[in-house]
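Quick notes on the structure that follows.
The values are calculated or read from the model by the stated rules, or taken from the named source; none is laboratory data. These figures come from a predicted structure and were not determined experimentally. No Cβ is skipped: glycine too gets one built from the backbone with ideal geometry, and neighbour counts run over all protein chains shown. SASA here: full protein model, heavy atoms, side chains in, ligands and nucleic acids out. Shrake-Rupley method; radii C 1.70, N 1.55, O 1.52, S 1.80 Å.
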Amino acid sequence: QKPTVIITGTTSGVGLYAAKSLAQRGWFVVMACRDIPKMEQAAKELNIPRDNYCIEFIDLGSLDSVRRFAKNFRALGRPLTALVCNAAIYLPLLKEPLRSPDGYELSMATNHLGHFLLSNLLLEDLKNSPSPDRRLVILGTVTHNPDELGGKIPPRPDLGDLDGFAKGFKEPITMADGKKFESVKAYKDSKVCNVLTMRELHKRYHQSTGITFTSLYPGCVADTPLFRNHYPFFQQFFPWFQKNITGGYVSQELAGERVAMVVADPEYRQSGAYWSWGNRQKKEGKSFVQRVSPQARDDERGAKMWEYSAKLVGLA
Ligand code: NDP
């Protein structure tokens, strides 16, 4: 039987090309998306082999929907070999927070809390899978890390003491640290939580389950629809800037290929690793395990994030 991978957010960008690459390698891809017609169209346009995927509904912003997705996946009767947490929203121009159906700030709810719940639910499926090599991969980003050039641009991520989470994260609270709403920071905070989640999963479950937990920064994929909510000028300027000034630009295809490598290739079977590529824009650029940001490698903060997130998603 083909190995099965679930990828969230495959209607466009990195997730779509990762799905294409894995399907072409002979994997069966469960495309977890909130817009089924858009997904059908995208899969057709890219000629993704029809026998190698199915589409299942998920709205990562809704905890109910995440739970339903896990149930529907189980009904397919396929052992799970890998899970890729990829979906994300970035709403840089937002002045007031949007709320998820559960009452949480929407970018944190979608990018982190939905994936936190999904990973915890599907951990059971990964454990029960007969495959000796099972992996859980969470997309990170350079902007989670103020130690890197791409992460220095303000506002910087800061989870503080996670006071906002501790207080229940509902109105009037908008941010993990309990401070004033800042949409760009909300995205970056959610990506710090993504990396912390990967590290906590590794610490808690790698040894007992043998599952490989990893994260990666595939490069700056400056022309994905992630930036669709930005100023039109930014959408023109950003890819040019990344191609010609920082050299960090990576095509959607190459980024998707890198995700597929971390899911499938033997050299990426290193639990707890955060993968990055030197000479990012080059196809032959070499991958290496990169140190994550000070907050993302802070074990105490990781344990707190875990405890509060488990409460917020109803696992504790
Ligand atoms: P895209 O906007 O192209 O893709 C995001 C995907 O997430 C889309 O399929 C979108 O679906 C889906 N999505 C958003 N909200 C939800 C939801 N509530 N439920 C289900 N699916 C949802 O962005 P990218 O491909 O650029 O980003 C993918 C990942 O890569 C993200 O985790 C991002 O942080 C990371 N990344 C991106 C970088 C970049 O430069 N672009 C750099 C580093 C990391 P829909 O079509 O329905 O909106």
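Descriptive notes on the structure:
- Relative contact order of segment 1-97, defined on C-alpha pairs under 8 angstrom at six or more residues apart (%): 34 percent
- Only alpha carbons enter this Debye calculation for segment 1-88, each as an equal point scatterer, and the log10 of I(q)/I(0) it gives at q = 0.18, 0.24 Å⁻¹ is -0.69, -1.25.
- Once the Cα-Cα distance is subtracted from the 0.36 nm per residue extended length, the residue 299 to residue 246 segment shows a gain of 15.9 nm.
- Student exercise, the chain dipole from Lys, Arg, Asp, Glu Cβ charges, in Debye to nearest 20: 340 debye
- Normalised per residue, the accessible area of segment 1-97 is 43 Å², obtained with a 1.4 Å probe and no contribution from ligands, DNA or RNA.
- Summing charges over all other residues whose Cβ lies under 13 Å from the Cβ of residue 57, with Lys and Arg as +1 and Asp and Glu as -1, gives 0.
- Distances between every pair of Cα atoms in segment 35-130, grouped in 10 Å steps from 0 to the bin holding the largest one, split as 14, 39, 34, 12, 1 percent.
- Loop-located trypsin sites (Lys or Arg not before Pro) in segment 234-275 whose Cβ has at most 15 other Cβ within 10 Å (DSSP): 269
- Loop-located trypsin sites (Lys or Arg not before Pro) in segment 166-227 (DSSP state other than H, G, I, E, B) with a sparse environment of at most 10 neighbouring Cβ atoms within 10 Å: 180.
- Zone residues, segment 27-61, relative to residue 2, backbone N less than 12 Å from point 7 Å out along Cα-to-Cβ: 27-31, 48-55
- Simple spin-label estimate for residue 163 and residue 50 in nanometres, 7 Å along Cα-Cβ: 5.8 nm
- Model label points for residue 36 and residue 127, set 7 angstrom from Cα along the Cα-to-Cβ axis, are 3.2 nm apart.
- Hydrodynamic radius (Kirkwood) for the chain, which is based on Cα pairs only, to one decimal in Å: 19.4 Å
- Applying both filters, DSSP loop and at most 14 other Cβ atoms within 10 Å, to the trypsin sites (Lys or Arg not before Pro) of segment 87-154 gives 95, 152.
- Linear extension gain, residue 171 paired with residue 93, 0.36 nm per residue minus alpha-carbon span: 26.1 nm
- Per residue, the solvent-accessible area of segment 104-251 (1.4 Å probe, heavy atoms of protein chains only, all protein chains present) comes to 40 Å².
- Directionally averaged projected area (convex hull, Cα atoms, segment 117-251), nm²: 10.3 nm²
- Relative contact order, percent, the chain [alpha-carbon distance under 8 Å, six or more residues apart]: 19 percent
- Radius, Kirkwood style, for segment 206-285 when every pair of distinct Cα atoms is counted (Å): 14.0 Å
- Theoretical FRET efficiency, 1/(1+(r/R0)^6), r = Cβ-Cβ of residue 72 and residue 236, R0 41 Å, to 0.05: 0.55
- Share of carbon and sulfur in the accessible heavy-atom surface of the chain [1.4 Å probe, %]: 50 percent
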